[in-house]
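**Q** Take a look at this one; I'll ask things after.
The values are calculated or read from the model by the stated rules, or taken from the named source; none is laboratory data. Predicted model only: the values in this text are computed from it and were never measured. Cβ placement follows ideal geometry from the backbone for every residue including glycine, while neighbour counts extend to all protein chains displayed. The area values use the complete protein model at the heavy-atom level, side chains included, leaving out ligands, DNA and RNA. Shrake-Rupley method; radii C 1.70, N 1.55, O 1.52, S 1.80 Å.
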Amino acid sequence: MNDQKRENLLNLALDATDAERASSSSLGEGYDFSAGTWEVIVRYQGDISFLEQSGVRITYLLFQYAILVIPEALIDDVTNLPQITYMEKPKRLFFADFSGRSVSCIHPLQEGTRGLFGDGTLLACIDSGVDYTHPAFRNADGTTRILSLWDQTVPGSPPEGYPLGTLYTRQQINEALNASDAAERNRLVPSRDTSGHGTAVLGIAAGGGGSENSRDNTGLYRGVAPKAALIVVKLSSSGAEAFSRTTQLMMALDYCIRTALFLQKPIAINLSFGNNYGSHSGTSLLETYLNQVAGLGQTAVCIGSGNEGSAGRHAGGTLSVAETKNIEFSVGPYESSMSVQLWKSYTDDIDIAVIAPDGTRIGPLQSVLGTVRFRVRGTELLFYYGMPSPHSQAQEIYLDLIPAGGQSAVDSGIWAIELHARRIVTGRYDLWLPGFAGAETRFFLPDPETTLTIPSTARYAVTVGAYEPKLQAYADFSGRGYTRLFQEIKPDLCAPGVDITAPAAGGGYGAFTGTSFAVPFVTGSAALMMEWGIVYGNDPFLYGEKLKAFLIRGARQLPAERVYPNPRLGFGVLCLRDSLPF
């Protein structure tokens with residue numbers, strides 16, 4: 001089933017058995033075991049509507065991308081169609097969990113009779129949903145500030161053209177807010193933010209105008225753009241661990257952009273999650289799609305750089321001819337599955353061996369296409385030696401570890417990957433462990449560089465890291481740049497991300513830490529910039545790359561860093577006052 005029009009991970013998943021897919025945290029993602037179908041991302045050309053006659057479900061996205069649900073028996077036939085140019089499987093997403101507005105130089109722009117509050121702009125939050133009853137998202141008269149709420153987890157009436165969830169309008173949300181009791185409110189709009197993540201993120205970006213808390217009315221807990229109209233998408237989740245997928249994210253992006261185009265309003269979109277799978281070079285279909293939509297309309301897409309900076313899940317280095325390196329990593333207890341990605345230059349010839357905790361040595365592994373299986377005690381190893389793709393020059397070698405012999409977890413302990421260089425041109429190699437692994441699963445000698453999560457590696461996104469404003473220092477958990485292959489400067493800048501006060505689901509406020517809570521400062525700032533430029537007519541072209549350039553120009557440098565840009569802070573930390581040409 002190996003096909004160069006499919007990504008390596010999808011080829012490996014198609015080679016795997018149902019038992020292997022069920023045991024793996026990566027291989028079964030996108031596969032419906034009961035229906036025998038695969039959800040995939042494709043880029044296509046021409047007309048593919050005829051596939052629906054064969055039982056393929058199509059969700060069309062902008063720029064000739066689509067999400068397909070294909071019976072497994074047809075996946076080779078669909079791949080081989082000339083209209084299909086490339087195909088990938090969905091990936092799991094995980095969250096990148098004093099006054100930030102003040103240190104970000106936002107207060108001076110909100111003073112006077114014509115202060116900037118996001119009026120006339122749209123702000124979209126694609127996340128875990130929102131507590132729509134919270135006063136932070138209501139006007140002074142108690143009505144909602146939410147223009148639309150698409151909950152992908154509630155079956156019923158999705159937006160036109162999309163296959164899942166229910167879309168709630170402003171009118172429906174107001175009816176629920178006016179309900180006589182909680183039961184009636186839940187019946188009218190049953191959407192809930194069970195994790196509270198999306199509520200906090202949206203509150204930082206655009207909370208304010210509450211009707212029940214006088215402190216909120218005076219601006220103490222107000223978000224950056226409290227007058228922006230809000231679009232909320234709660235991503236669907238799948239599996240026992242309730243991870244969202246990249247396919248659901250792409251649909252959400254598509255919906256937000258189309259809504260902004262229909263309303264003819266500028267939009268700032270907030271994404272506060274990512275994943276570790278990929279070359280970290282900005283070349284996956286998710287990243288290239290994001291680049292396309294970021295250039296459509298009057299748009300700014302802001303993404304957190306992730307919390308992998310100090311997680312120990314990246315290792316990298318450079319090999320010279322005839323050199324051997326032993327890269328050790330621990331697998332903690334109770335890991336239901338594990339994977340390791342190795343990315344290198346296709347021009348380099350490197351022998352690879354795997355050493356298990358009991359000393360068993362597997363390899364050197366041959367550079368042959370296809371899936372090779374090994375068994376070490378209670379762990380099965382699936383090894384896939386990939387090729388470069390039409391979208392990436394890098395070569396991937398993928399190792400999946402799944403329980404075997406009735407075990408519920410892979411063998412814990414110290415594993416190692418041995419690299420021996422034969423022919424070397426560049427010598428660079430990078431390895432990543434999955435971002436959702438336990439804290440004890442990590443490399444012993446990790447490399448904190450190139451720890452951005454995907455899709456924050458997308459070229460035309462505004463990538464935001466986190467810093468600690470009280471210490472005026474980089475937050476060590478924040479994902480670092482640069483991108484792997486092309487050395488794009490990422491993150492673009494940083495914002496406050498430690499102990500940020502934000503609305504809590506269920507009412508009140510709490511303290512939150514992570515790049516998830518840094519990026520909404522920049523998303524809200526983007527809305528204010530577009531208000532000043534587009535709504536007020538000072539600069540009708542203040543969006544996209546121009547908006548990013550303004551943010552970079554105004555970024556403030558911290559005293560602890562001497563060289564800018566750098567992989568930790570990018571061009572500096574957010575200072576909105578200096579980003580507008582007053």
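**Q** Within the stretch 294-307, how many residues turn out to be out of contact with any Lys or Arg (no Cβ under 9 Å at 6 or more places or on another chain) and open to solvent by less than 20 Å² (accessible area, probe 1.4 Å)?
**A** The total comes to 6.
**Q** Pick from G378, G413: which is at pLDDT below 95, more than 26 Å from the chain's Cα centre (by Cα) and either closer than 20 Å to L342 by Cα or not basic (K, R) (or both)?
**A** Unique residue meeting the criteria: G378.
**Q** Okay, next question. If you take the residues in the stretch 373-411 that are of a type in the set (D, E) and under 14 Å from A22 (Cβ atoms), which one is surrounded by the fewest Cβ atoms within 10 Å (Cβ to Cβ)?
**A** Looking at the filtered set, the residue picked out is E380.
**Q** Then there's this: If we scan the stretch 567-574, do we find a residue that is more than 13 Å from C494 (Cα to Cα) and either in a helix (DSSP H, G or I) or among the aliphatic types (A, V, I, L, M) (or both)?
**A** no
**Q** A follow-up question, please. Let me spell it out: the conditions are (1) modelled with pLDDT under 95; (2) out of contact with any strand residue (DSSP E or B) (no Cβ under 6 Å at 6 or more places or on another chain), and W532 meets all of them except one. Which number is the exception?
**A** (1)
**Q** Tell me, which residue of the stretch 224-269 that is open to solvent by 10 Å² or more (accessible area, probe 1.4 Å), of a type in the set (G, A, S) and closer than 30 Å to S24 by Cβ is modelled with the lowest pLDDT?
**A** A240
**Q** Quick check on this structure: which one of S310, S336, S279, S320 is part of a loop (DSSP other than H, G, I, E, B) and surrounded by 22 or more Cβ atoms within 10 Å (Cβ to Cβ)?
**A** S279
Conditions (1) more than 30 Å from S389 (Cβ to Cβ); (2) among the hydroxyl-bearing types (S, T, Y); (3) crowded, with 21+ Cβ neighbours inside 10 Å; (4) at pLDDT below 95, marked per residue:
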{"position": "T79", "(1), (2), (3), (4)": "no, yes, yes, no"}
{"position": "M87", "(1), (2), (3), (4)": "no, no, yes, no"}
{"position": "L109", "(1), (2), (3), (4)": "yes, no, yes, yes"}
{"position": "F117", "(1), (2), (3), (4)": "yes, no, yes, yes"}
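**Q** Another question, if that's okay. Could you tell me whether I58 is assigned to a strand (DSSP E or B), of a type outside the set (D, E) and open to solvent by 10 Å² or more (accessible area, probe 1.4 Å)?
**A** When the stated conditions are applied, I58 passes them.
**Q** Just to be sure, is F436 in contact with a strand residue (DSSP E or B) (Cβ under 8 Å, 6 or more places away or on another chain), over 21 Å from G465 (Cβ atoms) and open to solvent by 30 Å² or more (accessible area, probe 1.4 Å)?
**A** Here the answer is no, as F436 does not meet what is asked.
**Q** Still on this structure: The conditions are (1) open to solvent by 10 Å² or more (accessible area, probe 1.4 Å); (2) modelled with pLDDT of 95 or more; (3) not aromatic (F, W, Y), and V40 fails exactly one of them. Which is it?
**A** Every condition holds for V40 apart from (1).
**Q** Go through E7, E20 for me and flag whichever is farther than 15 Å from P71 by Cα, in contact with a strand residue (DSSP E or B) (Cβ under 7 Å, 6 or more places away or on another chain), of a type in the set (D, E) and buried (at least 22 other Cβ atoms within 10 Å of the Cβ).
**A** That would be E7, the only listed residue that is farther than 15 Å from P71 by Cα, in contact with a strand residue (DSSP E or B) (Cβ under 7 Å, 6 or more places away or on another chain), of a type in the set (D, E) and buried (at least 22 other Cβ atoms within 10 Å of the Cβ).
**Q** Might you check whether a residue that is surrounded by fewer than 20 Cβ atoms within 10 Å (Cβ to Cβ) and in a loop (DSSP other than H, G, I, E, B) occurs anywhere in the stretch 519-536?
**A** yes
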